[in-house]
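J.: Encoded as structure tokens, here's the structure I'll be asking about.
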Amino acid sequence: MTKVQLAGALALMLVDRVACATTCNLTIEANDMMQYNLHELAVSADCPDIEVTLRHSGKLQAKVMGHDWVLARTSDVSGIINGGMAAGLAHDFLPANDRRIIAATKVVGGGETATIKFNSSALEEGASYTFFCTAPGHASVMRGRFVFGATKRVAQAGK
Ligand SMILES: [Cu+2]
């Protein structure tokens, strides 16, 4: 291998690692207007662990405009929301020990951040998943599609 080829190979390895890092770690923002900044999140099926960070970019307190980020199968969303409403803010608007919840952050207020890390073995490629906020009334707008495994890998040069 010449020096130039070696440098090229190293660069490709770096690009690959960066691509994976951006795919497996997601950041989403929520604000004082009851909105997420994204309506779709996608991760590659070869992410062993997925990390989602929710950042509340607003100023209002959690008891007024708190948000969380919850992931479930689309068919389970309304059941979890109803259970969360009954649980209340003290329990982060989440029904206790609910196996339908694949991942969930705590509720955050303005300026706060919460991160949740979970294993992708809980996910099935091609299934319909939705992320949403369980604060009462929020999920009518605060929801989006979570795509697992449909992302195309960046073209791999040299193969
Ligand atoms: Cu919310």
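J.: With (1) buried (at least 18 other Cβ atoms within 10 Å of the Cβ); (2) part of a strand (DSSP E or B); (3) away from the ligand (no atom under 16 Å from the Cβ) as the list, and R145 as the residue in question, which single condition is left unmet?
T.: Exception for R145: condition (1).
J.: Run L123 past the list (1) surrounded by 15 or more Cβ atoms within 10 Å (Cβ to Cβ); (2) away from the ligand (no atom under 14 Å from the Cβ); (3) more than 17 Å from the chain's Cα centre (by Cα); (4) not acidic (D, E) and report the number of the one that doesn't hold.
T.: (3)
J.: Turning to a different aspect of this structure: Of the numbered conditions (1) in a loop (DSSP other than H, G, I, E, B); (2) more than 16 Å from the ligand (Cβ to nearest atom), F93 satisfies every one except a single condition; which is it?
T.: (2)
J.: Now, a different point. Can you name the condition, by its number, that I102 falls short on among (1) surrounded by fewer than 18 Cβ atoms within 10 Å (Cβ to Cβ); (2) away from the ligand (no atom under 16 Å from the Cβ)?
T.: Every condition holds for I102 apart from (1).
J.: Assuming T115 fulfils every condition listed in (1) β-branched (V, I, T); (2) at pLDDT below 95; (3) under 18 Å from A30 (Cβ atoms) apart from one, which condition is it?
T.: Among (1) β-branched (V, I, T); (2) at pLDDT below 95; (3) under 18 Å from A30 (Cβ atoms), T115 violates only (2).
J.: While we're looking at this one, here's another question. What number of residues within the range 60-82 satisfy the criterion of being of a type in the set (A, V, I, L, M) and more than 11 Å from F131 (Cβ to Cβ)?
T.: Number satisfying all stated conditions: 6.
J.: Right, something else. Looking at the range 24-81, which of its residues are more than 10 Å from the ligand (Cβ to nearest atom), assigned to a loop (DSSP other than H, G, I, E, B) and within 17 Å of the chain's Cα centre (by Cα)?
T.: Within the range 24-81, N37, L38, H39, S44, A45, D46, C47, P48, S57 meet the criteria.
The values are calculated or read from the model by the stated rules, or taken from the named source; none is laboratory data. What you see is a predicted model; the values in this text were computed from it and never measured. All Cβ positions, even for glycine, are placed from backbone atoms using ideal geometry, and neighbour counts span all protein chains on display.
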